[in-house]
Amino acid sequence: MESNLVIWLAMIALIGIIIIALFLRYFPVLLWISARASGVKISLWQLFLMRIRNVPPRLITRTMVEAQKADIPLTRDELEAHYLAGGNVEQVVHALVSANKANIDLNFNMAAAIDLAGRDVFDAVQMSVNPKVIDTPPVTAVAKDGIQLIAKARVTVRANIKRLVGGSGEETILARVGEGIVSSIGSSERHTVVLENPDSISKLVLRKGLDAGTAFEILSIDIADIDVGKNIGAVLQMDQAEADKNIAQAKAEERRAMAVAQEQEMRALAQEARAKVIQAEAEVPLAIAEAFRSGNLGVMDYYHLKNIQADTTMRESIATPTKKDNNQPLKGNEKK
């Protein structure tokens, strides 16, 4: 009987412990006491409902305490709504406290919008207080005299809280500054002018209003270094001269090919004419024989024609000098 009583008491104690654990799990009494002690008006039932909505009561309570201590009016519903929207409640409250201490006009709605836009609102507030220095990559530009210059700049920017939502980032600032440097160097008559007055680049770039539409405000642009690069003008002239030479060579080759083709065509015509002459000469004996048979040519006429041919051959041999062979010995009175 006593053993059964002990078992029942143990079971009752276990059930009581489970009930108390569940109660403390969904009704964080200690957290409620801490919030009330800090001046945050929140009920135990509201903490229980946060558990039901999968909102961490400790996070909401801690941020409300932080805002209360900084005299920033925030409601539980605002923090819960921002958490359920996927925002970073702690970063938003930290940013509000930091902005309040730095006298920066920033309310909860704007901070929540910046956070939901994917930007670090606390880092933006810190950048508004302490400007950030951005180093640009080397920017290459060519002055009007053809000399290449390589410039590096340091851009000091400050976050513009009101333009963080929808404003472009650092990449746009760097791109615009690089474009301004190229424009400034390219408009210089000589590269020595840029080397003597590098601040002229900064003044020209600042006048362009490069921070329009960005999330930053450009405070200053300082030229950190300028190096002299290649003589681009001379390189371009050399390339142009090489291209002109190649064009001239191509045209000359084209003319040579045409001349060779014309020469080959003339040779072919000459060979064709020579073949016709040979063919005509081959027909001469046939014509003579036909003349003999027809009675149009007599024997005396034939001998007279042969004499004329022999006389013509002799005259051609006398008119055409013959080349002596250097390897043949000299004859007769040619020896000395």
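The values are calculated or read from the model by the stated rules, or taken from the named source; none is laboratory data. None of the values given here were measured: they were computed from a predicted structure. Cβ coordinates were reconstructed from backbone atoms using ideal geometry, including for glycine residues, and neighbour counts include every protein chain displayed. Note: accessible area is taken over every heavy atom of the protein model, side chains too, but ligands, DNA and RNA are not part of it. Shrake-Rupley method; radii C 1.70, N 1.55, O 1.52, S 1.80 Å.
Descriptive notes on the structure:
- In order along region 262-272, the phi-based Karplus estimate (6.51 cos²θ - 1.76 cosθ + 1.60, θ = phi - 60°) of 3J(HN,Hα) comes to 5, 5, 4, 5, 5, 5, 5, 5, 5, 4, 5 Hz; Gly and Pro are listed as x.
- Too-long pairs where the Cα-Cα distance tops 27 Å, listed order kept, from 132/230; 132/203; 152/203; 101/132; 230/251: 132/230; 230/251
- Built amide H within the under 5 Å cut-off of residue 160, gap 5+: 216, 217
- On the principal axes of its alpha carbon atoms, region 29-88 extends 27, 24, 13 Å, with the longest extent given first.
- Each residue of region 71-84 was assigned a 3J(HN,Hα) from its phi angle through the Karplus curve 6.51 cos²θ - 1.76 cosθ + 1.60 (θ = phi - 60°); the sequence is 6, 10, x, 10, 10, 5, 5, 4, 5, 5, 5, 5, 5, 5 Hz, with glycine and proline shown as x.
- For the chain, built as a Gaussian network whose Cα springs stay under 10 Å, the top-fluctuating residue of 109, 246, 296: 296
- Largest-first principal axis extents, alpha carbons of region 108-254, Å: 79, 38, 19
- Taking 1.306 mPa s as the viscosity and 10 °C as the temperature, the Stokes-Einstein diffusion coefficient of region 83-190 based on its alpha-carbon Kirkwood radius rounds to 99 µm²/s.
- Mean ellipticity per residue at 222 nm, deg cm²/dmol - from DSSP H runs of n ≥ 4 across the chain, formula -39500 (n - 2.57): -21000 deg cm²/dmol
- Seen against the Cα atoms of the chain and their longest principal axis, helix 89-101 is set at about 80 degrees.
- Relative contact order of the chain, pairs being alpha-carbon contacts under 8 Å that are 6 or more residues apart, as %: 11
- Across 300, 127, 238, mean-square fluctuation computed from a Gaussian network of the chain (C-alpha pairs under 10 Å connected) peaks at 300.
- When the surface is traced with a 1.4 Å probe over the full set of protein chains, residue 301 keeps roughly 90 Å² accessible.
- Calculated log₁₀ intensity ratio I(q)/I(0) where the Debye formula runs over C-alpha points of region 153-226, q = 0.20, 0.21, 0.23, 0.24 Å⁻¹: -0.79, -0.85, -0.98, -1.04
- Apportionment of accessible area to carbon and sulfur, the chain, percent (1.4 Å): 57
- Accessible surface for the chain, divided over its residues, is 68 Å² per residue with a 1.4 Å probe.
- Largest accessible area first, the residues 182, 228 order themselves as 228, 182 under a 1.4 Å probe with ligands, DNA and RNA left out.
- Among 247, 134, 226, the residue with the largest mean-square fluctuation in a Gaussian network model of the chain, with springs joining Cα atoms closer than 10 Å, is 247.
- Sorting the Cα pairs of the chain by distance into bins of 10 Å, from 0 upward, gives 4, 12, 11, 10, 9, 8, 6, 6, 6, 6, 5, 5, 4, 4, 3, 1, 1, 0 percent per bin.
- What the pair-distance distribution of region 178-274 shows, using all Cα-Cα distances binned every 5 Å from zero, is 2, 10, 12, 11, 8, 7, 7, 6, 6, 5, 5, 5, 4, 4, 4, 3, 2, 1, 0 percent.
- Scanning residues 5 or more positions from residue 168 or on other chains, those with amide H under 5 Å from its amide H are 214, 215, with H placed 1.01 Å from N in the peptide plane.
- Rounded tilt (10° steps) of 2-26 against the dominant C-alpha axis of the chain: 60
- Considering only 308, 236, 181, the residue lying farthest towards the positive end of the dipole of the chain is 181, judged by Cα position with unit charges set on Cβ.
- Amide H partners (placed H, <5 Å) of residue 230, local residues excluded: 148
- The 3J(HN,Hα) values that the Karplus relation (6.51, -1.76, 1.60; θ = phi - 60°) gives for region 136-153 are, in residue order, 7, x, x, 10, 9, 9, 10, 6, 5, 7, x, 8, 8, 10, 10, 10, 10, 10 Hz. Gly and Pro appear as x.
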